[in-house]
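Okay, structure first, notes after.
The values are calculated or read from the model by the stated rules, or taken from the named source; none is laboratory data. Computed from a predicted structure; not experimentally measured. Quick reminder, even Gly has a Cβ in these numbers, built from the backbone with ideal geometry, and neighbours come from all protein chains shown.
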Amino acid sequence: MISGPDDDHADPRWLAIAVPALLAQAGSDRSDSTTIQVDGVSLHVTPTPAGLDVQVLADDVDDDIDHHATMFDVLGAAFTSQTFDDFLRAL
């Protein structure tokens, strides 16, 4: 999910699929969520009993950003975390 050679690129919107897949066991009864901005794309992440729900927000939503990160940071946090709290701390 990183940029490839020449004009090949990675899209932060892909994190809406990757993060829940990497944290499939990180379901939670918590109701709080977080918003992460990656290269101008805002992702709203909410823990649910079934895992994480990640929604890509409209391009004009810049309010209430909790974290600014790179794709590498978000993927690394998701890959190395076992819980939603771990994920947030790793960001």
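Among the residues of the stretch 45-64, those that are modelled with pLDDT of 90 or more and surrounded by 14 or more Cβ atoms within 10 Å (Cβ to Cβ) comprise V45, T46, D53, V54, V56, L57.
Scanning the stretch 70-84 for residues that are crowded, with 20+ Cβ neighbours inside 10 Å and among the aromatic types (F, W, Y) yields a single hit, F84. If you go through the stretch 38-91 and keep only what is within 18 Å of A10 (Cβ to Cβ), outside any helix (DSSP H, G or I) and out of contact with any strand residue (DSSP E or B) (no Cβ under 7 Å at 6 or more places or on another chain), you end up with D39, G40, D59.
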